[in-house]
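> Here you go, one structure.
The values are calculated or read from the model by the stated rules, or taken from the named source; none is laboratory data. Model, not experiment: these values are computed from the prediction. Cβ placement follows ideal geometry from the backbone for every residue including glycine, while neighbour counts extend to all protein chains displayed. Accessible surface is based on the protein model in full, side chains and every heavy atom, while ligands, DNA and RNA are left aside. Shrake-Rupley method; radii C 1.70, N 1.55, O 1.52, S 1.80 Å.
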Amino acid sequence: MELWYTEEHTPSVRFSIKVKKQLFGGKSPFQQIDVFDSDEFGRFFTLDGLMMVTEKDEFIYHDMIVHVPMATNTGIKRVLVIGGGDGGTVRELTRYKTIEKIDMVDIDEMVVKVCRELLPFTSRKLGDPRVTLYFEDGLKFVRTVEESYDLIIVDSTDPFGPGEGLFTREFYGNCFRALSAEGILVNQHENPYYESYSASMKRAHRRIEEFFPICRVYQAHIPTYPSGHWLFGFASKKFDPIADLDAAAWNGLGLETKYYNTDIHVGSFMLPNYVKSALEIK
Ligand code: SAM
């Protein structure tokens, strides 16, 4: 018998992966967690039936969510990751010797436990001594945070279920407050192609613009996410991601990356016309 994982990208579009074996299935107080193994994408994990990470293409998402802000300001020392329970974002951050502190706040301890056990390729640096894990709602965490971070990365699920609060005006305002004067906020920004996702992308962009003087959007091709075209938001108090990119400094670090390079850094901010017009960018 053949086993297939199928995700509904819209009510009339589905995406399927042939599954070799289901490695885990369980319900936490927040969401349904599943882990599968497959020939094409290796191990992959889903939350409430939506793709989070696959062994084969996670490098694209994690390279772009981490190295774009880090190359814009190579002086970043204190980082807050909201969500990111699979550990891929933290893994990339720990490659920078200059980072002194990484706080990661995921609402769901069970996600982290399952990923530590079954997805070592993303979770293997969660034990780095600079990393502190908090199991709390990110929306509540940033309400009271007293730390001043140089970078906040919102590596969240979509804006429904537990991730809903991470797309609100209140959340973005508190992130602004929790950032230093040189602070950068990066968030996963959904896909621009399908209507239901692009509506959340537009809303998130408008809300972030209310707080941050510099507000840009960049893109990457992620095969297993709806439409394969994924956006990230880059908001900042001081740094412009292109004008302030220090390509020589980043290249001098000698980090090997499979997707990110300083040319793609600049190119990723060049958006198709339909995306510019949805975001009302001139
Ligand atoms: N790369 C992924 C994507 O865009 O599909 C995101 C992956 S990461 C696993 C998302 C994490 O966000 C999950 O572990 C989930 O538990 C966490 N999360 C969802 N809502 C949250 C909240 N309100 N506060 C903190 N973490 C949250």
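> From the list Arg43, Arg116, Arg95, pick out the single residue that is in contact with a Ser or Thr (Cβ under 6 Å, 6 or more places away or on another chain), among the basic types (Lys, Arg) and either open to solvent by 40 Å² or more (accessible area, probe 1.4 Å) or not in a helix (DSSP H, G or I) (or both).
Checking each option against the conditions leaves just Arg116.
> Let me ask you something else. Are there any pairs with C-beta distances below 9 angstrom linking a residue in the stretch 114-131 that is more than 23 Å from Gln31 (Cβ to Cβ) to a residue that is surrounded by fewer than 17 Cβ atoms within 10 Å (Cβ to Cβ), with the two at least 6 apart or on different chains, and if so which?
Here the result reads Lys125/Arg95; Arg130/Glu100; Arg130/Lys101, each pair linking the stretch 114-131 to a residue that is surrounded by fewer than 17 Cβ atoms within 10 Å (Cβ to Cβ).
> Which pairs have Cβ atoms under 6 Å, sit 6 or more apart or on different chains, and link a residue in the stretch 52-64 that is in a strand (DSSP E or B) to one that is modelled with pLDDT of 95 or more and among the hydrophobic types (A, V, I, L, M, F, W, C)?
Pairs that qualify, where the first residue is in a strand (DSSP E or B) and the partner is modelled with pLDDT of 95 or more and among the hydrophobic types (A, V, I, L, M, F, W, C), are Met52/Phe45; Val53/Phe45; Thr54/Phe41; Thr54/Phe44.
> To continue, here is another question. Which helices (runs of 4 or more DSSP H) does the stretch 204-282 wholly contain that include 2 or more residues that are of a type in the set (Val, Ile, Thr)?
262-267
> Of these, Leu151, Leu185, which one is within 16 Å of the ligand (Cβ to nearest atom) and either buried (at least 22 other Cβ atoms within 10 Å of the Cβ) or among the charged types (D, E, K, R) (or both)? I'd like the intermediate steps shown before the answer.
Numbers: Leu151 fails: within 16 Å of the ligand (Cβ to nearest atom).
Criteria check complete, one pass: Leu185.
> Which of (1) at pLDDT 90 or above; (2) open to solvent by 10 Å² or more (accessible area, probe 1.4 Å) is the odd one out, the single condition Lys202 does not satisfy?
Here Lys202 meets the rest and fails (1).
> Sticking with this structure for a sec: Every residue in the stretch 176-203 that is charged (D, E, K, R) and either out of contact with any strand residue (DSSP E or B) (no Cβ under 7 Å at 6 or more places or on another chain) or in a strand (DSSP E or B) (or both), please.
Answer for the stretch 176-203, where residues must be charged (D, E, K, R) and either out of contact with any strand residue (DSSP E or B) (no Cβ under 7 Å at 6 or more places or on another chain) or in a strand (DSSP E or B) (or both): Arg177, Glu182, Glu195, Lys202, Arg203.
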